[in-house]
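Scroll down for the structure; my scribbles are underneath it.
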C-alpha cells in the first residue's frame, strides 16, 4: 500500500486548503517543480533578459521553492536554496 501525504498551501490571506496525495504523486510534483526551478535558474544567467523580467522570475522561483520545500526531502531543498540578493550580481 502506498504511503499518503497531506500537504497544505496558503491561498489569499488566511485561507488554506489541504491536498491528499500518494508517494508517487509527491515524487511527480517534486520532479515538475525541480524542472521549473532549473529552467528559471538557467534563464537568470542570461544577460539578454531585462532586470525587470528577472525580478519577476525571482518571485516565481520563491513561490516554487516554497512549494518544493513541502514535498522534497531537506537534502534536495539545500541544493535549490538561493543566496540573498546582496551577494548576487545585479542584472
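Rule-based calculations on the coordinates, nothing more; no lab input. Here the structure is a predicted model, which means the values were calculated and not measured. Backbone-built Cβ (ideal geometry, glycine too); neighbour counts: all protein chains shown.
Sort 40, 49 so the one with the fewest other Cβ atoms within 10 Å of its own Cβ comes first.
Ascending number of Cβ neighbours within 10 Å: 49, 40.
How do 31, 80, 61 line up, fewest other C-beta atoms within 10 Å first? Mind showing how you got there, number by number?
Numbers: 31 12, 80 17, 61 20.
Ascending number of Cβ neighbours within 10 Å: 31, 80, 61.
What full-extension length gain, to one decimal in nm, is calculated for residue 82 and residue 56 as 0.36 nm per residue of separation minus the Cα-Cα distance?
Values: separation 26, 0.36 × 26 = 9.36 nm, distance 1.52 nm.
Answer, rounded to one decimal: 7.8 nm.
Using a Debye calculation, one point per C-alpha and no hydration shell, please list log10 I(q)/I(0) for the range 24-87 at q = 0.25, 0.27 Å⁻¹ in order.
Values, matching the q order: -1.11, -1.23.
Please rank 20, 41, fewest neighbouring Cβ atoms within 10 Å first, as an exposure proxy. Could you put the intermediate results ahead of the total?
Working: 20 9, 41 13.
Least crowded to most crowded, the residues run 20, 41.
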